[in-house]
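**Q** Supplied in structure tokens, the structure appears directly below.
The values are calculated or read from the model by the stated rules, or taken from the named source; none is laboratory data. Note that the structure is a prediction, hence the values are computed from the model and not measured. Cβ placement follows ideal geometry from the backbone for every residue including glycine, while neighbour counts extend to all protein chains displayed. All accessible areas refer to the heavy atoms of the entire protein, side chains included, with ligands and DNA or RNA removed. Shrake-Rupley method; radii C 1.70, N 1.55, O 1.52, S 1.80 Å.
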Amino acid sequence: MDTPNKKENEKTRQLSEESTYSKGEFMTSNQGVRIVDDQNSLKAGPRGGTLMDDFHFREKMTHFDHERIPERVVHARGSGAHGHFELIESMAEFTTASFLQEPGTSVPVFVRFSTVGGSKGSTDLARDVRGFSTKFYTQEGNYDLVGNNIPVFFIQDAMKFPDLVHSLKPESDNGIPQASSAHDTFWDLISLMPESMHMIMWLMSDRALPRSYRMMEGFGVHTFRFINKDGKSTFVKFHWKPVLGAHSVAWDEAQKISGKDSDFHRRDLWNAIEDGNYPEFHLGVQLVPEEDEHKFDFDLLDPTKLIPEEEVPVKIIGKMTLTENPKNFFAETEQVAFHPGHLVPGIDFTNDPLLQGRLFSYTDTQLIRLGGPNFHEIPINQPVIPIHNNQRDGFSRRQIPMGKGGYHPNTMAAGCPFQAGQQNGGFTHYAERIDAHKVRERSPSFRDHFSQAKLFYNSQSEYEKGHILAAFLFELGKVTYLEIRERITGLLLKVDKELAEKVAEGLGMPHIPEPEYPLNHSFPADADPADYQPKSPKSNSKSVKFSPALSMKPMDQNPITSRKIALLVSNGFDQTALDNFKKAVMEKGGKPVLISSRQGDISDTNGGKVRVNETFKTSSSVLFDAVYVLGGEDSEYTQAAISEEIEFIEEAFKHCKPIGFSKKGTELFASSRIGVTIKENAGPHATFSDLGVFTDSNPLEFIKALGKHRFWEREAMGLV
Ligand code: HDE
């Protein structure tokens with residue numbers, strides 16, 4: 001039987017064979033000299049000191065000593081994959097970008113997903129924004145869409161980014177906490193920065209706890225421009241929509257996954273691709289004609305605002321499929337260098353002040369991170385078309401330019417390389433009219449900080465609102481200064497009174513003091529007391545008050561492809577029931593994983609054997625999407641094993657996962673608290689299957705329930 005473990009082991013063997021790229025070759029030094037012995041250093045006698053003459057030892061050790069490069073100052077923890085993007089609908093009316101002209105055009109891509117705050121080795125499951133960067137290797141050069149899984153940002157001006165990141169990162173005196181926003185400095189800054197409130201609502205929502213990189217949306221965040229062949233500009237916002245839907249895990253679960261498998265998202269992405277379950281995302285655009293720039297209640301240049309999909313629908317124009325894991329993590333995922341300024345003709349920026357600042361920062365950071373100006377020569381960063389210019393030299397130059405050139409204009413190289421001009425596809429910036437005073441100011445049109453925070457909160461389902469409340473109670477519960485908690489709840493009052501009151505109650509605050517501004521010397525210099533008050537919408541506002549697209553609830557019926565199901569078995573199991581179950585799950589693309597109390601083979605009632613994949617010690621229910629209890633008749637099953645198994649099932653129940661019990665498994669159902677809890681608390685009309693628990697059932701019903709992802713109703717009913 002082809003169990004997932006066996007498959008993985010086979011892959012490991014096969015890969016290690018493939019990776020001997022120097023098959024049959026002798027080991028050499030970096031100068032190509034054959035190495036006599038790579039295990040022992042050169043010594044003055046077998047028990048003597050190591051000699052300076054040992055150039056082989058010195059070369060090997062020096063290289064090792066220099067193996068690490070600085071990690072990214074933000075988004076340090078990430079995972080990448082190769083794939084391709086294929087155009088579905090032509091955008092020729094709006095842009096000249098070559099890869100967006102002919103439906104069917106396909107270009108290679110490399111994607112890197114990341115968390116923001118944690119270090120390179122931190123957990124994947126932090127409550128955090130996720131980066132979603134895509135490099136399109138087009139025939140006109142590289143185009144990078146460097147986005148996030150949340151469509152807005154914390155700040156409106158790049159000037160504030162270092163402050164934001166310093167407040168989020170571990171505190172500067174003790175270096176605590178790692179990969180967490182739940183601490184004083186972060187909330188101190190936020191409490192003084194009302195422009196963050198919209199983003200904060202997203203960060204406290206389930207969007208910050210994705211189930212998988214394959215199951216989250218992506219957003220370009222800023223408003224960009226498409227430019228067509230007549231030079232006409234259309235504003236554009238980019239969206240990635242995952243084919244598997246957007247799904248999240250529970251916060252308690254996220255924290256436990258961090259302990260059980262802190263590589264959870266990295267492993268999930270890697271395994272899905274190895275299994276041929278290629279992650280797929282549709283690319284969508286929201287298009288706004290230039291003349292409609294001022295039609296909205298907010299400023300299109302303000303990165304703390306989104307355009308509700310109900311106002312401007314997302315048009316799907318293409319599909320990205322990730323089909324190949326990197327061959328080498330460092331060479332590709334670590335060395336890839338994205339930049340929002342890597343544009344191709346037909347796509348341009350707007351004056352969004354956050355985007356403008358990013359245009360400086362990304363090259364600057366690569367210079368230190370990748371050690372000089374030649375990082376475009378690292379294979380993963382190279383365009384698929386040749387580069388020709390007069391740039392020369394610098395650290396780690398690999399290209400060998402021929403001839404005496406290196407300047408322009410010239411005759412020595414017959415004028416080469418030529419300037420393309422617009423007629424030959426040279427990048428031309430949009431000829432935006434500029435007539436302004438040089439000022440250090442924020443536009444008054446950026447001053448509404450609460451309407452969209454409210455819109456987001458009001459658009460959430462009840463269970464999502466419950467999760468937001470719980471997130472505030474966790475995060476602010478870790479804040480040790482009462483004034484900071486008070487200022488945050490004061491800001492929350494302006495988003496939703498009931499939410500603010502519940503937060504205050506949970507934190508044991510007798511009342512929420514109305515914040516008075518200006519507060520003190522730390523009041524931001526550019527802030528107007530009016531920033532801290534909700535604005536009334538324009539009288540002719542058409543803006544929506546409720547946007548279903550902002551909730552993840554409508555996305556909860558999806559294919560179960562690649563979903564992991566823990567299949568609990570013990571000796572004396574029913575082979576036919578196991579075969580039928582596995583067949584039914586695998587037909588739908590699910591991944592059953594056999595779990596028992598010990599490793600090795602277990603026997604069915606007729607003495608047939610099956611190998612288990614994991615035990616209760618090596619695994620945990622938090623690593624699965626659902627649990628199916630196949631059971632057995634094992635007279636030697638110890639009390640300890642039964643307890644472990646019941647804990648496994650009850651934890652899955654707590655995290656609102658579908659749970660099924662076969663005929664033989666029902667004994668365990670009886671021993672767990674699940675049945676009693678449902679009967680006692682869910683009311684006379686609740687059925688087990690409404691709550692995602694399938695007893696003695698036809699497995700098909702259970703498998704169908706997997707498509708719903710979670711039965712969050714259990715929380716609303718107070719069952720968990
Ligand atoms: Fe970034 N950001 N960022 N950022 N960002 C970086 O660049 C920066 C912002 C985003 O997978 C850094 O190469 C500034 C918004 C992603 O390699 C750095 C500002 C969005 C990644 C940097 C922002 C992003 C980065 C660190 C405010 C969503 C990971 C290493 C003006 C649209 C890229 C690096 C990868 C990485 C600066 C704000 C997304 C320091 C100054 C808004 C996905 O250059």
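**Q** Only loop residues by DSSP count here, and only those with at most 15 other Cβ atoms within 10 Å; note down the chymotrypsin sites (Phe, Trp or Tyr not before Pro) in the range 414-501 that meet that. Please report the intermediate quantities before stating the final value.
**A** On the way: sites: F418, F427, Y430, F446, F450, F456, Y457, Y463, F472, F474, Y481; in loops: F418, F427, Y430, F450, Y481.
Passing sites in the range 414-501 are F418, F427, Y430, Y481.
**Q** May I ask which of K229/K438; K315/K438; K454/K591; K256/K305; K256/K478 have a Cα-Cα span longer than 29 Å here? Provide the component values of the computation, followed by the final result.
**A** Numbers: K229/K438 32 Å; K315/K438 38 Å; K454/K591 40 Å; K256/K305 33 Å; K256/K478 18 Å.
Flagged as over cut-off: K229/K438; K315/K438; K454/K591; K256/K305.
**Q** Send over the Kirkwood Rh of the range 436-513, from the inverse of the averaged 1/r over different Cα pairs, rounded to one decimal Å. Working shown, then result.
**A** On the way: mean 1/r = 0.0714 Å⁻¹.
With all distinct Cα pairs of the range 436-513 included, I get 14.0 Å.
**Q** Check each of the GluC sites (Glu not before Pro) in the range 421-506 and keep only those in coil by DSSP with at most 15 other C-beta atoms within 10 angstrom; list them in order. Show your work: numbers first, answer last.
**A** On the way: sites: E432, E441, E462, E464, E475, E483, E486, E498, E501, E505; in loops: E432, E441.
For GluC sites (Glu not before Pro) across the range 421-506 that sit outside H, G, I, E and B with at most 15 neighbouring Cβ atoms in 10 Å, the list reads E432, E441.
**Q** Quick one: net charge of P401's neighbours, Cβ under 13 Å, K/R +1, D/E -1?
**A** Values: positive: R392, R397, R398, K404; negative: E377, D393.
Result for the local shell: +2.
**Q** Loop-only trypsin sites (Lys or Arg not before Pro) in the range 358-404, please: DSSP not H, G, I, E or B, and at most 14 other Cβ atoms within 10 Å.
**A** Qualifying residues, ordered by number: R392, R397, R398, K404.
**Q** Note down, for the chain, the three equivalent ellipsoid semi-axes (square root of 5 times each alpha carbon gyration tensor eigenvalue), biggest first, whole angstrom. Don't skip to the answer; put the middle values down first.
**A** Details: eigenvalues 382, 297, 138 Å².
Result for the chain: semi-axes of 44, 39, 26 Å.
**Q** Just for the chain, what percent of DSSP beta bridges are antiparallel, to the closest 5?
**A** Here the antiparallel bridges make up roughly 75 percent for the chain.
**Q** Next up: Ignoring ligands, DNA and RNA, please state the percent of accessible area on the range 564-716 from carbon and sulfur, probe 1.4 Å.
**A** Details: 3230 of 6590 Å².
About 49 percent, which is the carbon plus sulfur part of the accessible surface.
**Q** Suppose every Lys and Arg Cβ carries +1 and every Asp and Glu Cβ carries -1, with no other charges. What dipole size does the range 91-213 come out with about its Cα centre, to the nearest 20 debye?
**A** The dipole of the range 91-213 has a size of about 380 debye.
**Q** Given the Cα atoms of the range 97-214, and with Rh set as the inverse mean 1/r over their pairs in the Kirkwood sense, what is Rg to Rh to two decimals?
**A** On the way: Rg = 17.0 Å, Rh = 16.2 Å.
When Rh is taken as the Kirkwood radius, the ratio is 1.06.
**Q** Got the relative contact order for the chain handy, in percent, Cα pairs under 8 Å and 6 or more residues apart?
**A** 12 percent
**Q** Another question about this same structure. Which value, in Å², gives the accessible area per residue of the chain when a 1.4 Å probe is used on the protein heavy atoms?
**A** Per-residue accessible area for the chain comes out at 48 Å².
**Q** For the range 252-383, what % of the accessible area comes from carbon and sulfur atoms, probe 1.4 Å? Provide the component values of the computation, followed by the final result.
**A** Details: 2610 of 5000 Å².
It is 52 percent, rounded to a whole number.
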